[in-house]
Each structure stands twice: as structure tokens, then as C-alpha cells.
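Right, one structure below, let's go through it.
The values are calculated or read from the model by the stated rules, or taken from the named source; none is laboratory data. This one's a predicted model, so the numbers in the text were calculated from it and none came from an experiment. Here the Cβ positions follow ideal geometry from the backbone for every residue, glycine too, while neighbour counts run over all protein chains shown. Each accessible area value is taken on the protein alone, full model and side chains, heavy atoms only, with ligands, DNA and RNA left out. Shrake-Rupley method; radii C 1.70, N 1.55, O 1.52, S 1.80 Å.
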Amino acid sequence: MERLEIARAHAKNRTKLKKGIIQINRSLNQAIKDNKRDLEEVNTRLLIVMHAAYLESTLPYLLYNYSAQIKMTSVDYILNKPSEYDKWNSFLEYGFRRNYLNGRRKELNILNLNHTNYQRYIYLKETLDNDIRAIIEIRNKLAHGQWAIAFNAEGNDKNQDVTSKIWTLSKKDVLKIRNFVLRFTNIMESLISSKEHFESKFDNEVVALEKNKITHEEQYDWIIRTIKSRKRSYSE
């Protein structure tokens, strides 16, 4: 396949994933309305896998679609990284070196990037290291059938931290993951698009992301109250 054809294929995958997310979310809301705990758990896990799949499909879409910004040698280098996290990390570093260091492989520090750009890089690096990595980890466990008990990397012992997380997954986690995936992928697309586009979009996306963190509990409570009140109205 030609490069543009590959990009279009990944774009179609993202479109299908978006549609699938909408349908599964409707099923999740219905399960919450009907107080069907088993169905709620299934749909919650499926939505997390779907959002992570959207995150995963976005990276090759960006790499293949922005042919003027990134050569195939760099595309191959990034895609050959061993993990999804490593691929995104390489993509992040490539974007900053391209936009601010003329593509030179200099260290990404405050001296080379200057204060503002360095703080942007650190924010995205911390988001990737903490939040996006966690999404990838949960997705990997669920995709490998670990829906109740998560194992360590060797598969010979329980990973208690991830197991506890899996057991407490809820719509609240789905909303949080959706927010991170949406904002992070938006920022990454602006980063590869151009320096000007990145700088014009960065603050708005970060403010939206951080605002959602602050109001997350309130938004979740409002959504659950709305779902429950709709259930009562339907029963009437």
C-alpha cells in the first residue's frame, strides 16, 4: 500500500472505533439505568479497550498522514520501538526536535528548548509517563484476558495493584480515560502538524484537560444522577 492509502486505512479504523465507542457507551448507560452490574462491568472494560485502541490507531495515522513533516525512515524508527509507550515517547521527542531543534538530536532540556517549550515538553512527558502509560497497561491486561486477575510480566504471579484497579473500574474511569486520550491525541497531532499549530492549540487543550481533572468528580456525579433520574422517569 502507498503511504497515503495506509493513512486512510488508519483513519477509517479510527472512525469505526468512534462509532463503536458510542454504541458501547449507550449499552453501559443502559446497564447503569437497569442496575445490571455484570453488563456494566463488561461494557466498562470494553470501552477502556476501545479508547486505548483509538489511542493506538492514532499514532500510525499521524505518522503516515503527515508525509511532509516526517520521512519514512523516522516513521519506521518510531514504529519499530518495542512498546506502545516507547513509540509515543519517540514520537514526542521527534516532534520537539523537529519544531525547536531543526531535527538535531540534542538533549531536550531547558537550555536547548528555552523555558516555555521545555515546560510544554515536560507536561506532555509527564502525561505520557503517568496517565497514558497507565491506560496502555490496563488495556494490555484486559486484551490478554486478564479481566479479573492481572498477572506480572512473567505471568507467574499476581499483579496486585493492577488487579485492584481492574476490580474497581467504572464509568468514572471511562470518562477519565476518554478525556486523556482525546486531549493527548489532539496535542500530538498539532505537534506533528507545525510549530505554529502546536503553540496555538497547546494552551486550550491543556486547560480543557486540567479543568476536567478538577471537575471530574462533579461531572461524574451529575452524569450518574441524570442516568438514574431517567430510569425513574421511564419506570413511571
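The condition of being assigned to a helix (DSSP H, G or I) and under 16 Å from residue 52 (Cα atoms) does not hold for residue 126. Looking across segment 184-198, the residues that are of a type outside the set (S, T, N, Q) and without any contact (Cβ under 8 Å) to a residue 24 or more places away in the chain come down to 196, 197.
Filtering 131, 76, 161 for residues that are open to solvent by less than 50 Å² (accessible area, probe 1.4 Å) and in a helix (DSSP H, G or I) leaves a single hit, 131. When the residues of segment 2-22 are filtered to those that are basic (Lys, Arg) and open to solvent by 40 Å² or more (accessible area, probe 1.4 Å), the one that is farthest from residue 186 (Cα to Cα) is 3. Could you say whether any residue in segment 166-176 is more than 27 Å from residue 203 (Cα to Cα), more than 17 Å from the chain's Cα centre (by Cα) and open to solvent by 50 Å² or more (accessible area, probe 1.4 Å)? Yes.
The condition of being farther than 30 Å from residue 69 by Cα, free of Cβ contacts under 8 Å to residues at least 40 places away in the same chain and open to solvent by 40 Å² or more (accessible area, probe 1.4 Å) holds for only one of 201, 211, that being 211. Of all residues in segment 31-72, those being hydrophobic (A, V, I, L, M, F, W, C) and open to solvent by 20 Å² or more (accessible area, probe 1.4 Å) number 8.
Mind checking which residues of segment 109-128 are loosely packed, with under 15 Cβ neighbours inside 10 Å and aliphatic (A, V, I, L, M)? Residues satisfying the conditions are 110, 111, 122.
Here residue 179 meets each of (1) in a loop (DSSP other than H, G, I, E, B); (2) open to solvent by less than 50 Å² (accessible area, probe 1.4 Å) with one exception, condition (1).
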